[in-house]
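The values are calculated or read from the model by the stated rules, or taken from the named source; none is laboratory data. From a predicted model like this one, the values you see are computed outputs, not experimental measurements. Please note: Cβ atoms are built from the backbone with ideal geometry, for glycine as well, and neighbour counts cover all protein chains shown. To get the accessible areas, we keep the full protein, side chains included, count just its heavy atoms, and leave off ligands, DNA and RNA. Shrake-Rupley method; radii C 1.70, N 1.55, O 1.52, S 1.80 Å.
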Amino acid sequence: YMSSSSQEISIIIPCFHSSEAIKNLLITIPKKHEVILVDNSQDELLREIADNYNCNLIINKENLGCPTAWNIGAKNASKNFFLFSNPDTLFLPKTIEELMKAVKRYPKASAFNPKIIDRKNNQHFKRRSVLMPRSEWMSRKYPKVDSEVSVLHGSAIFMKKENFYKLNGFDERIFLYHDDDDISIRLKKEIGPLMYINNSEMIHLAGRSSSRDKEIASIKGYHMGRSRVCMQGKHKISGYKFKNIIFAIFQLFSLEMIFSPRKRTKYLYFAKGVFEEIFMQKN
């Protein structure tokens, strides 16, 4: 039986202009757990929130991206279990308790996902990744019971501290996107199966981690393009350079380019990220 102190976990959350989302999230986290906020935006409001909720706040002098923020948070975490979470999530009463039970039930598993739902109780399940061959993608049916999965949803990844350090954490060449896919594939390959835990539930308010303006769209688009090329190269996806060029061009000729200024910004910067990463790899 685990003592109550070993049941405590470190919850690590990267922030980027996320004070509003963080305020809503912290109310839902039981006080006994260690919460580490790693802020990439020097948000003054976040200092006040962190003080009120007794969080460990780490402020980066510049925006270092999500994977680096998660690694910095992990270095400052003192518990034996890590939960890497997004700011736009909400915990439910049994979220952590059921994940801890799963560790005992599935001792060979390398990492876990809770069941991720939105406010309307629709499930957000990740069944595929652009870093994996199609043969490893899962079927469209969502699991109704605990199940082994191909890839983890990045809004809540739970693992033992020792497993995180066996892999040297997240790949810091990535600034944003596909870091969850990359660590999932490495965990599965080097340590053991990835598990989805049906009784552990968490709410994900998708897309609310930071504001939705054109500047954010340009950052997201650019790093989505770069990370996709960089990580597909790392995981040896065949013909990835050609496929990404075609995909970027296809987006640039979509109807959304005409009707949505935000999508237009995103797609232009996605193409920029793809071409820059391919050019860098050649040199």
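Quickly rank 49-58, 78-87, 267-276 as a protection proxy: mean count of other C-beta atoms within 10 Å, highest first.
Ranked by mean Cβ neighbours within 10 Å, highest first: 78-87, 267-276, 49-58.
Over all distinct alpha-carbon pairs, what is the Kirkwood Rh of the chain in angstrom? Walk me through the numbers before you get to the answer.
On the way: mean 1/r = 0.0512 Å⁻¹.
This gives a value of 19.6 Å.
Please give every one of the lysines within straight-line cross-link reach of LYS166, meaning a C-alpha to C-alpha distance under 23 Å, and leave out same-chain neighbours fewer than 8 residues apart.
LYS75, LYS79, LYS101, LYS104, LYS108, LYS188, LYS189, LYS234, LYS236
Taking amide H positions as placed 1.01 Å from N in the peptide plane, with prolines and chain starts having none, which residues 5 or more places from GLN42, or on another chain, fall under 5 Å of its amide H?
Answer set, sorted by chain and number: ASN60.
Ranked highest first by the average count of other Cβ atoms within 10 Å around their residues, in what order do 114-120, 59-65, 255-261 fall?
On the way: 114-120: 17.0, 59-65: 15.0, 255-261: 11.6.
Highest-to-lowest ranking by the protection proxy: 114-120, 59-65, 255-261.
Rolling a 1.4 Å sphere over the protein heavy atoms, what is the accessible area per residue of segment 125-189, to the nearest Å²?
50
How big is segment 1-144 in terms of Cα radius of gyration and Dmax, in angstroms?
Here Rg and the maximum Cα pair distance are 16.4, 48 Å.
Checking the a/c ratio against 1.5 first, then a/b against b/c, what shape does the Cα gyration tensor give for segment 88-217?
Working: a/c = 1.40, a/b = 1.11, b/c = 1.26.
Rounded is the answer for segment 88-217, as its axis ratio a/c remains below 1.5.
If the cut-off is 14 Å between C-alpha atoms, which aspartates and glutamates fall inside it for LYS266, apart from same-chain ones fewer than 8 positions away?
Those aspartates and glutamates meeting the cut-off are ASP213, GLU215, GLU256.
Using every Cα-Cα pair within segment 1-70, state what percent have a distance larger than 15 Å.
Numbers: 1223 of 2415 pairs.
Counting every Cα pair in segment 1-70, those more than 15 Å apart make up 51 percent.
Using a 1.4 angstrom probe on heavy atoms only, work out the carbon and sulfur share of the accessible area of the chain in %.
Working: 7640 of 14290 Å².
With neighbouring chains kept in place, the figure for the chain is 53 percent.
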